[in-house]
1. Starting at the first residue of region 415-422, write each ³J(HN,Hα) from the Karplus equation 6.51 cos²θ - 1.76 cosθ + 1.60 with θ = phi - 60°, in whole Hz, x for Gly and Pro.
2. Kindly state, to the nearest 0.05, the FRET efficiency for His90 paired with Lys416, given R0 = 56 Å and r defined as their beta-carbon distance.
3. Provide the gained length on full extension for the span Thr22 to Glu468, in nm with one decimal, where the gain is 0.36 nm per separating residue minus the Cα-Cα distance.
4. How much net charge surrounds Lys524 when only the other residues with a Cβ under 10 Å from the Cβ of Lys524 are counted, with Lys and Arg +1 and Asp and Glu -1?
5. Rounded to the nearest 20 debye, what is the charge dipole size of region 454-530 about its Cα centre when +1 sits on each Lys and Arg Cβ and -1 on each Asp and Glu Cβ?
6. If you average the sequence gap of Cα pairs under 8 Å that are 6 or more apart and divide by the length of region 320-530, what percent do you get for the contact order?
7. Of the listed peptides 473-485, 402-414, what is their order by residue-averaged count of other C-beta atoms within 10 Å, with the highest listed first?
8. For region 193-204, what does the Karplus curve 6.51 cos²θ - 1.76 cosθ + 1.60, with θ = phi - 60°, yield as ³J(HN,Hα) per residue in whole Hz, taken in order and with x for Gly and Pro?
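Rule-based calculations on the coordinates, nothing more; no lab input. From a predicted model like this one, the values you see are computed outputs, not experimental measurements. Cβ coordinates were reconstructed from backbone atoms using ideal geometry, including for glycine residues, and neighbour counts include every protein chain displayed.
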Amino acid sequence: MKNGIAYIRVSKARANMITQDTQLEKIEQYCSLHDIELLSTYMDLDFSGRSTNRPDFQKLFYDIENDNIDVDYLLVYKLDRFARSVNDFHEYMDILDKHDINFVSITQHFDTSTPMGRLVRNILVDFAQFESEMVGERVRDNMLQNAQNGVWNGGPVPLGFSLNEDEKGPNIIPNGRAKDIIKFYNWYLESDGTIRNNSMRANKQRIPSSTGSVWNPNQMSRILKNPIYCIADKESIKYFEDQGFEVLNKQANDGKRGFIRYNRRKPTGTTSVVRDKSKWLIAVAEHEGIVPSELYIKAQKKRDKRKNKPVRAGTGKSLLAWLTKCSKCGRAMTYSYSYSKLADGTKKRYNYYKCRGKQQQGTITCEGQTVKAEQLEKVVLNKLHSLCNDNDFLNGSRGKINSLSEHINQLKEQRKEINSKINQLISEEENLINTLKRSNSERLLVIIEEKVEELNKSRLELEAQLEEIQTQLLDYEAEEYNKQIILSHLRDFNNSFDSMSFEEKREFLQSVINKIIYNEGDVKLELFFS
Ligand SMILES: [Zn+2]
């Protein structure tokens, strides 16, 4: 009897997915029919639909290449569970060939242990590629069709909405968490409202994020931007048109619906990039909106202002906006640029950060200083790099989190003690009252009443203390959470920073750096850890 292993991949994001159970069942049937003993199964559940992470797939090939498994067959349900491109397929097939493992795609009836199977395999792979391109086209057509009608086009359901189980009506409906969304917009518009403060505040109040865990600035940023929440009316439609969007399905506007944004991301291989804005489409949606247009537009304007404030129109962007402070006067050093003419007559652009104290208030407040942007950015990133590799720093940070945790435990201990004291007082009171019931003496009555009052007073004091501890606990726990997030960000820094988009880089830096103090060539980094 021959033996085999199965690889199963389920993409949760697809509407017509075939469950892992079905796939396994079919593979088992195939095995029993062909006298193959199924030794084990590797399985990836892909929730993003992008299938960039296939840990079990990688493990499978690790095991094959290291001869951890010795089998005759690798079985999959369908080719597209296994490979995503011709190159992909050939690469893995070579490895299988090298280890004498035959490949079977059970629903496509081919088995590479036969010459015919090998031929079919090559043809199939080419067709799979062709098909995936065709499907891509179809999806795009479909999406445009949906856009005309404002139908939400699938994927993870945004926070604040639930899938509508009802066949009729829109496919998503606002749920109980819609009030959180409105809250976030209002917070953001407060004078100290920033994306970062919003996420910290949400964590402090224990409002779970879209993924059910703690908030990070990226998630918060998406919530504050997504037109799906904005109620469509004359003002918001005009706002989007002014922004250069084409707004579809305008005739459906009834002052209640939200918007749908289409065509925003362009798939490129395994990842996707944000498309050029002019290609974006927005449609008045089928679903009900959540955030009043006025609130939504105000939030967008604040974002734009924050984004552009230190930058003059068309000057490009600064990575360290809002972070750099002048050591002499404490003011923000804003980003700017100038041109200078080189010897050959060409113009060269210089970007720099500059303290404007001098310019605005004269030398009394600050004599002013300037640093080249590239230079400052390089120093800051280098410092961050070495911090992230610095075990003392990492251990120190961990230590800070640990001492927070210790403090939290102490508070919990205190809370426990107070609670038991309160319980003790309550039972004393009860005892006294029971004694009272059994006695007829006037004098005793007075004494007991006094005693009960005294107990009551101490109980109220304890309860006030309990409340105080409770508030402190929330604060400390939120801080512990936030520090843990920052630390995990820092750990990721070396791996992921280079692959981030500009916006992501800036948000990352803003999430870990409190401020950068610049002093005549000397740069001091203050992280959110000190
Ligand atoms: Zn200054």
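1. Calculated HN-Hα couplings, in order: 4, 4, 4, 4, 4, 6, 4, 4 Hz.
2. 0.30
3. Stretched out fully, the Thr22 to Glu468 stretch lengthens by 155.1 nm.
4. +1
5. 220 debye
6. Computed over region 320-530, the figure is 23 percent.
7. 473-485, 402-414
8. Residue by residue, region 193-204 yields x, 9, 4, 5, 4, 4, 5, 4, 5, 5, 5, 4 Hz.
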